[in-house]
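A.B. asks: Pasting a structure here, questions to come.
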Amino acid sequence: ALLSHSQPHIVSIHHAASAASAEIYLYGATLSSWKTKGKERLFVSTKAILDESKAIRGGIPVVFPVFGTQEQFNLPQHGFARISKWEWLGIITETDEEISVQFGLGEAKLTDALRLAWPNSFRLTYTVTLTADMLKTVLSVKNEGSNAFEFNTLLHTYLSVPLVIVPTPLPFRFDRNLQDVSRIHISGLTGHTFVDKVAANARHVEDRELVTIQGEVDRVYVDVQTPEIRVDDGVGGGYVVRKTGVRDTVVWNIGAEKARTMADMGDNDWPHYICVEVGSVGELVLLGRGETWTGGQTITAL
Ligand code: BG6
């Protein structure tokens, strides 16, 4: 494995045995690339803003300490972790099997306004591990203050959905042969309650074995107990997402119409990604003084 500092604001990691690689911006500790078996696995919008003036539209932004907005805190949408400059803590392990690196964020790195909006003493440690076919991202939150605090957190993963032309018998029709987000299947969510953010936060139970994406989807599946969520891309590939220490799973795609209203999302980008986001967002996590909470995900590329 090789660590390159050619661009000081990006950490590049390589798993030498397999040629898997990843890139992480110190801004937001946002993973912006994960390549394995010769393919890019994370989506980044063609209009993503990469000059540290806005959260990166794609990859894996870290949502903390609020999901969306919360009335009691005057914080930006999805909190400050994804718009703060993290510290590079270095390589933790480097073996033939894996390479693991860490990033840190504490309140000292926040602007005065953010510290005022969320007046807690905390330490975030984010560990990114790469093996031949797997990416593991784990966040730990330590309460270093003298009072308990509450938070939500989420790993806002934009999985890449490759656009491929699927060969089918003649007569050839482009729309029938195009493989994109409308052709994927997500399994592992059956029987779980979800909050439908597209339908005024109505609560329903998922009755489909295979969840498909037709148009805008924004659902918070709460307390997902299944050990893995499988994203089948319909052409023999996909992802298996396993979570640890977190309860909920968000499935989000902006859809064609809203994509046109989002400044940092290209009009034709939406078919190329699906967000499967693991986190604790259904309820606040209460963290007592001196306590540490840990949660994260393992994504295996098929
Ligand atoms: C998802 C939310 O996690 O993030 C959506 O469920 C939201 O409601 C999306 O639109 C993107 O948020 P943002 O702040 O990055 O535009």
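Readers should treat all values here as calculations from the given coordinates under stated rules, not as data from a laboratory. Just so you know, these numbers come straight off a predicted model, no measurement behind them. Glycine gets a Cβ as well: all are built from the backbone with ideal geometry, and neighbour counts include every protein chain shown.
A.B. asks: Suppose the Debye formula is applied to equal point scatterers at every Cα of region 215-269; what is log10 I(q)/I(0) at q = 0.22 Å⁻¹?
C.D. replies: Once normalised to I(0) and log-transformed, intensities are -0.95.
A.B. asks: Tell me, what does the Kirkwood hydrodynamic radius of region 1-94 come to in angstroms if you use every pair of distinct C-alpha atoms? Before the final figure, lay out the partial values.
C.D. replies: Details: mean 1/r = 0.0696 Å⁻¹.
This gives a value of 14.4 Å.
A.B. asks: Right, here's the next one. Check the straight Cα-Cα distances from K109 and name the aspartates and glutamates below 19 Å, setting aside those fewer than 8 residues away within the same chain.
C.D. replies: Partners within reach: D51, E52, E87, E144.
A.B. asks: Tell me, what are the semi-axes, in whole angstrom and largest first, of the equivalent ellipsoid of the chain as set by the roots of 5 times the Cα gyration tensor eigenvalues?
C.D. replies: Values: eigenvalues 184, 112, 67 Å².
Taking √(5λ) for each eigenvalue gives 30, 24, 18 Å, largest first.
A.B. asks: Sticking with this one: Pop a pseudo-label 7 angstrom from the Cα along the beta-carbon direction at both R123 and Q7 and give the gap in nm to one decimal.
C.D. replies: 3.0 nm
A.B. asks: Let me ask another. For region 85-159, what size does the Cα cloud have along each of its three principal axes, sorted from largest down, in whole Å?
C.D. replies: Computed over the Cα atoms, the extents are 44, 25, 21 Å.
A.B. asks: Can you sort W86, W118 so the residue with the fewest Cβ neighbours within 10 Å comes first? Could the numbers behind the result be given before it?
C.D. replies: On the way: W86 24, W118 21.
Lowest count first: W118, W86.
A.B. asks: For region 14-27, in order, what is each residue's ³J(HN,Hα) by Karplus, 6.51 cos²θ - 1.76 cosθ + 1.60 with θ = phi - 60°, in whole Hz (x at glycine and Pro)?
C.D. replies: 10, 9, 4, 5, 10, 6, 5, 8, 8, 10, 10, 6, 5, 5
A.B. asks: Obtain the nm distance between the two label points defined at I92 and K37 by a simple spin-label model: each point lies 7 Å from its Cα along the Cα-to-C-beta direction.
C.D. replies: 2.6 nm
A.B. asks: Round to the nearest 0.05 the FRET efficiency obtained for T69 and A132 when R0 = 51 Å and r is the Cβ-Cβ distance.
C.D. replies: Using R0 = 51 Å, I get an efficiency of 0.80.
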